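First up is the structure itself, then whatever we jot down about it.
The values are calculated or read from the model by the stated rules, or taken from the named source; none is laboratory data. A quick note: this is a predicted structure, and the numbers were derived from the prediction, not measured. Cβ atoms come from the backbone with ideal geometry, glycine included; neighbour counts cover every protein chain shown.
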Amino acid sequence: MLRTTLSAAMALTLLAVVEPAKAQAGGAGFGNSGQFIVSADRLMGLYVWSQKSEQTSPPLMNPTTTTLSGTGFNFLWGGDTGVGSQNAPVYSIPRLAFDYVVIPGLTVGASIGYLHRGGSSETTRNNVTTTVDTPSGNGLLLLPRAGYIFDFTPLLGVWARGGFTYYWAKATTTNTAGMTTTSTKNSFDGLALSLDPQLVITPVPHFGITVGPMLDLPLAGSSKQEQTITTGGASVTTTTEGTFKLTNWGLTAGILGYF
């Protein structure tokens with residue numbers, strides 16, 4: 001009887017010591033209530049994209065529909081030298097995100113990304129110089145989102161995230177050949193449903209690496225082109241508008257810190 005009582009007392013004592021220690025350790029784990037999460041998303045990744053655009057203004061009996069697609073890989077910087085939609089750099093823009101853990105596991109927050117590009121080239125042939133500006137402009141992306149953290153072990157967890165991405169971009173190109181200057185302004189925007197469940201690896205407290213798939217599914221989008229041709233002081237401007245939808249999916253990685 002004494003041995004049984006002593007064993008029970010030792011077990012209760014051990015439990016009383018271990019449980020508070022476990023609770024204290026868990027309080028510092030990823031996904032606990034009241035935490036702020038600061039993350040850098042899509043720092044690198046593989047992207048598979050496709051876009052579909054259709055002219056709507058001025059109206060045509062047979063509207064022009066254009067479909068483009070491609071793949072890309074980036075490390076710390078997305079896209080290529082242009083802002084133009086044909087290169088689809090919008091979704092590969094690295095972005096900074098802020099999230100808050102409302103209750104254990106449940107997060108709300110947003111991410112934001114910005115892109116600026118510009119450049120020019122000059123060619124001289126037969127004493128005639130032609131100056132061409134590469135598409136220069138800006139792009140902005142905003143993603144309000146919500147998520148839930150499944151913290152399986154102190155090292156591994158899954159952060160399921162989703163929200164709605166709004167993007168806007170504008171690019172300007174100017175070409176000069178002799179007495180004629182052609183200026184083209186392209187702008188486009190869109191709204192998409194974005195899903196990116198991420199595996200979160202936390203090798204040390206308060207720091208993590210994220211790796212996982214993502215999908216940007218278009219809900220709406222529009223495009224506008226203004227082309228102005230100037231010759232001898234006279235200018236003619238043509239405006240074309242249309243629908244624009246960009247689909248994107250792939251695999252991305254980033255980093256985060258929580259406190």
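Points to keep in mind about this one:
- Candidates G70, G82, G45, G29 - the one that is touching a strand residue (DSSP E or B) at 6+ places or on another chain (Cβ under 9 Å), modelled with pLDDT of 60 or more, surrounded by 12 or more Cβ atoms within 10 Å (Cβ to Cβ) and farther than 26 Å from R145 by Cα: G70
- Yes/no for L140 being closer than 28 Å to L215 by Cα, over 22 Å from the mean Cα position of the chain (by Cα) and touching a residue at least 12 places away in the same chain (Cβ under 8 Å): no
- Residues of the stretch 195-250 classified as farther than 30 Å from E54 by Cα, under 24 Å from the mean Cα position of the chain (by Cα) and in a strand (DSSP E or B), total: 11
- Residue check: P154 meets all listed conditions (1) part of a strand (DSSP E or B); (2) touching a residue at least 60 places away in the same chain (Cβ under 8 Å) but one, namely (1).
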